Amino acid sequence: MTRIAATLAAFAFAAVSHQALAAWPDKPIRLVIPFPPGGGTDVVGRLIGQKMSEELGVTVVIDNRPGADTQIGTALVAKAAPDGYTIGMVTPSLAINKTLYAATAQYDPIKDFAPVSLVAATPFYLAVATQAPYKTASDLVDASRKPGANFTYGTASSIGYLSGEQTRAALKLDARHIPYKGSAASVTAVAAGELTYTIDTILAMRPLVDAGKLRILGTSAPQRVNAFPEIPALGETWKGFSIVSWWGIVAPAGTPAAAVSRMDKALAKILTTAEMRQKLEALGAVANYADSEKFSAVIRHDLDSYGDTIKSVGLEPGH
């Protein structure tokens, strides 16, 4: 009887689990953003969350959890219950931090997550305060090499740091990096004259650009961006230079495949609409949908690629 009872209990549990999954989602979904409000990831995350709410029929609640170079919020997702009700917005920092913080990493980018979808991509932009005398990127570079210049720049995550160092090296900018907890803080510091320049997304800079407090000198896109044709591509002067970042959605490892698939299909539908493409383009980004399998391949590629770059140039945490 004991064996029969155990078997019946197992069938009952399976039936309940199937029913629960069949009803998914039947309560709000938490979207963890490992950055403070106001930055590029936050802006895109809120836009994606709003559209996911409409598509899935439940509220997607934004939960900003900044800190430790995105590791606090990302670790929260890795350790959440794998029930489909906690997901995270990630950037290449997911792959970069595996190498950059190898001794203290709180999660494994491959083992601890179920990739859902790649959603968008964006280049970076080089900006200075409007009161600064630099009208072009070449002006900035030339001035940075003068004796006593003591230039500084700020970024808000490991992808910003790595991109900033790649930009500094490619342009031969003489500047010292200062870390910030969020993009809003770093771009504000530039506008206030506390930093010489910053490398960040247009989303983080846009309010201060529109307010006349920041001047954009160039973009890291391979060519000029359609939404901002007046901004030169840095590759026009520094041939071959290009850096593009991405945003994606992940769930904790072990999240039911059916829930991941449904989210993936919802995002595929959202990101192929003209409305979403136009909204992202207006923000300086582009819809860049890829399914779970292809997104997983992107993470694995970046894990190797950025890992090699970090080791070759000797970047260290703490920046």
Next item on the list: Answer yes if at least one residue in the range 85-95 is assigned to a loop (DSSP other than H, G, I, E, B), buried (at least 16 other Cβ atoms within 10 Å of the Cβ), touching a residue at least 12 places away in the same chain (Cβ under 8 Å) and more than 13 Å from the chain's Cα centre (by Cα), and no otherwise.
Entry: yes
Note to self: Return the pair list, or none, for Cβ contacts closer than 6 Å from residues in the range 269-280 that are of a type in the set (D, E, K, R) to residues that are surrounded by 15 or more Cβ atoms within 10 Å (Cβ to Cβ) and modelled with pLDDT under 95, at least 6 apart or on different chains.
What the structure shows: Arg277/Ala287
Checklist line | Of the criteria (1) within 27 Å of Ser220 (Cα to Cα); (2) touching a residue at least 12 places away in the same chain (Cβ under 8 Å); (3) of a type in the set (Gly, Ala, Ser), which one Ala297 fails | finding: (2)
Notebook entry, point to check: Of all residues in the range 215-248, how many are in contact with a helix residue (DSSP H, G or I) (Cβ under 9 Å, 6 or more places away or on another chain), within 29 Å of Val32 (Cβ to Cβ) and aliphatic (A, V, I, L, M)?
Noted result: 4
Check: Within the set of pairs 6+ apart or on separate chains, which have a first residue in the range 104-115 that is in the same structural domain as Ala257 (by TED's automatic domain parsing), a second that is modelled with pLDDT of 95 or more and assigned to a loop (DSSP other than H, G, I, E, B), and C-beta atoms under 6 Å apart?
Finding: Asp112/Ala253; Phe113/Ala253; Ala114/Ala253; Ala114/Thr255
Margin query: So, Thr41, is that one under 16 Å from Gly84 (Cα atoms) and assigned by TED's automatic domain parsing to the domain that holds Asn97 or not?
Written below: no
Note to self: I'm checking my understanding of the structure. Among residues of the range 96-116 that are part of a loop (DSSP other than H, G, I, E, B) and among the aliphatic types (A, V, I, L, M), which one is nearest to Phe295 (Cα to Cα)?
What the structure shows: Ile110
Margin query: Suppose we filter Thr130, Thr59, Thr155 for residues that are more than 15 Å from Ala251 (Cβ to Cβ) and buried (at least 22 other Cβ atoms within 10 Å of the Cβ); which single one remains?
Written below: Thr155
Margin query: Please pick out the residue among Ala211, Ala227, Ala189 that is under 23 Å from the mean Cα position of the chain (by Cα), surrounded by fewer than 17 Cβ atoms within 10 Å (Cβ to Cβ) and not assigned by TED's automatic domain parsing to the domain that holds Gly67.
Written below: Ala227
Notebook entry, point to check: Given the conditions (1) at pLDDT below 95; (2) farther than 21 Å from Pro179 by Cα; (3) surrounded by 23 or more Cβ atoms within 10 Å (Cβ to Cβ), and given that Val119 satisfies all but one, which numbered condition is not satisfied?
Noted result: (1)
Notebook entry, point to check: From Ser292, Ser261, Ser312, which residue is of a type in the set (Ser, Thr, Tyr), modelled with pLDDT under 95 and on the phi < 0 side of the Ramachandran plot?
Noted result: Ser312
Checklist line | Pick from the range 50-84, criterion of a type in the set (A, V, I, L, M) and not in a helix (DSSP H, G or I), ranking: nearest to Lys27 (Cα to Cα) | finding: Val58
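The values are calculated or read from the model by the stated rules, or taken from the named source; none is laboratory data. If you're wondering where the values come from, they're calculated on a predicted model, not measured in any experiment. All Cβ positions, glycine included, derive from the backbone under ideal geometry; neighbour counts span all protein chains shown.
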